[in-house]
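The values are calculated or read from the model by the stated rules, or taken from the named source; none is laboratory data. The model shown is predicted, which means the values in this text are computed figures rather than measured ones. Cβ placement follows ideal geometry from the backbone for every residue including glycine, while neighbour counts extend to all protein chains displayed.
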């Protein structure tokens, strides 16, 4: 994927919760599987693609963000730990953006699904962190409200244009219940820090969200312009 394709995917991709019966084409599955293999090799995660499996979302229980028609999804599996959770968010969002460039729709799902044991495998010490619904949506979803950059930034120096572009991309990132509990710190000399802005209580998606927004920031800012401090 080119930076231009990824940037366009960031702008056009929205969460989709209702899907049609249209099957995924073989060439698109091949592209997704190749990307999963690359992500696992880089990250140490155990991401898997479940195909033609409708039971994970068939409970019929009405909850926040209820999803219907899903038969395909990414299983975001790996070890436990905050660093792993951040990788799940980062590499999962890379897959989400790839799916968008392929004309597919997606939705991050943390709670409203059942783990279907024959749909994936886990090594010792691994767990399913979340899944990402995948397929052809009934519609393209809706953009969540975009808040001002200033609410999410602390800076020790004037903000360069690349940082602003990175923040514009980060604010388009999906986060749990659209809460956007993160901030970016610009230290000058191309050094950037990103961190959550909420304490951890109970089941939290803060570090998954952090990985997602850092993925977006890198694409918007351009990796050559900065380093993570």
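Could you run through the stretch 1-39 and say how many residues are in a helix (DSSP H, G or I), in contact (Cβ under 8 Å) with a residue 40 or more places away in the chain and farther than 22 Å from residue 222 by Cα?
Total satisfying the criteria: 4.
Would you be able to say whether some residue in the stretch 61-82 is in a helix (DSSP H, G or I), over 17 Å from the mean Cα position of the chain (by Cα) and not assigned by TED's automatic domain parsing to the domain that holds residue 177?
No, the stretch 61-82 has no match at all.
Exactly one condition in (1) surrounded by 22 or more Cβ atoms within 10 Å (Cβ to Cβ); (2) in the same structural domain as residue 8 (by TED's automatic domain parsing); (3) touching a strand residue (DSSP E or B) at 6+ places or on another chain (Cβ under 6 Å); (4) more than 27 Å from residue 27 (Cα to Cα) is false for residue 92; which is it?
(4)
Give the stretch 131-158 a look and list any residue that's over 30 Å from residue 28 (Cβ atoms) and buried (at least 16 other Cβ atoms within 10 Å of the Cβ), or say none.
Of everything in the stretch 131-158, those that are over 30 Å from residue 28 (Cβ atoms) and buried (at least 16 other Cβ atoms within 10 Å of the Cβ) turn out to be 149, 152, 153.
Could you list, in sequence order, the residues of the stretch 150-172 that are within 20 Å of residue 206 (Cα to Cα), in contact (Cβ under 8 Å) with a residue 12 or more places away in the chain and touching a strand residue (DSSP E or B) at 6+ places or on another chain (Cβ under 9 Å)?
152, 153, 154, 166, 167, 170
Within the stretch 109-141, how many residues are within 16 Å of the chain's Cα centre (by Cα) and farther than 20 Å from residue 7 by Cβ?
Residues meeting the conditions: 11.
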